[in-house]
Amino acid sequence: MIIFILSLFFILVVDTFLIGIAFYALKDRYDWKISPKLTLFILFIIFALFENYALPIIYILDATVTIGNQEISSALDISPNMPLIELFELGFFEFSIWLIQAFFAVLIGEKLIKKKSK
């Protein structure tokens, strides 16, 4: 279970790093004059879209999930042949994660890209 949680955390960190670098590289390359608040909002939207772009496909395909490991299945409260779309929901946790990711992407982009361009 720890490996599963750490792998999800690793994916979030890598996504934050790469999106922050890519956004600030584009911002520097094309000399976009965007305020820090607008940058944070744009990155928030990017993270929200990035994590939810597959939801319509999952819904249409009516995909199901079954976990063979009973411990993980009970920890995640997943029953056999559970519709995959039931695992996804929008709540306060998701919005706060996207905001935290956007904040760290801004920090990473400013530290790595703006230093090199000055």
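Yes/no per residue for (1) at pLDDT 85 or above; (2) of a type in the set (Gly, Ala, Ser); (3) part of a helix (DSSP H, G or I):
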position	(1), (2), (3)
Ala25	yes, yes, yes
Asp31	yes, no, no
Leu43	yes, no, yes
Phe47	yes, no, yes
Glu51	yes, no, yes
Ile60	yes, no, yes
Gly68	yes, yes, no
Ser74	yes, yes, yes
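Scoring Ile58 on the criteria (1) more than 25 Å from Gln101 (Cβ to Cβ); (2) surrounded by 13 or more Cβ atoms within 10 Å (Cβ to Cβ); (3) among the aliphatic types (A, V, I, L, M) leaves a single failure, condition (1). Checking each residue in region 97-118 for being of a type in the set (Lys, Arg) and in a helix (DSSP H, G or I) picks out Lys111, Lys114, Lys115, Lys116. Counting just the residues of region 76-96 that are surrounded by 15 or more Cβ atoms within 10 Å (Cβ to Cβ) and in a helix (DSSP H, G or I), which one comes out modelled with the highest pLDDT? Within region 76-96, the match that is modelled with the highest pLDDT is Glu94.
Yes or no: Ile100 of a type in the set (Val, Ile, Thr) and without any contact (Cβ under 8 Å) to a residue 12 or more places away in the chain? Yes; evaluated as a whole, the condition is true for this residue.
One residue stands out in region 8-51 among those that are surrounded by fewer than 10 Cβ atoms within 10 Å (Cβ to Cβ) and of a type in the set (Ser, Thr, Tyr): the one that is farthest from the chain's Cα centre (by Cα), namely Tyr30.
The values are calculated or read from the model by the stated rules, or taken from the named source; none is laboratory data. Every value quoted in this text rests on a predicted model; they were computed, and no experiment measured them. Don't worry about glycine lacking a Cβ; one is built from the backbone with ideal geometry, like all the others, and counts go over all protein chains shown.
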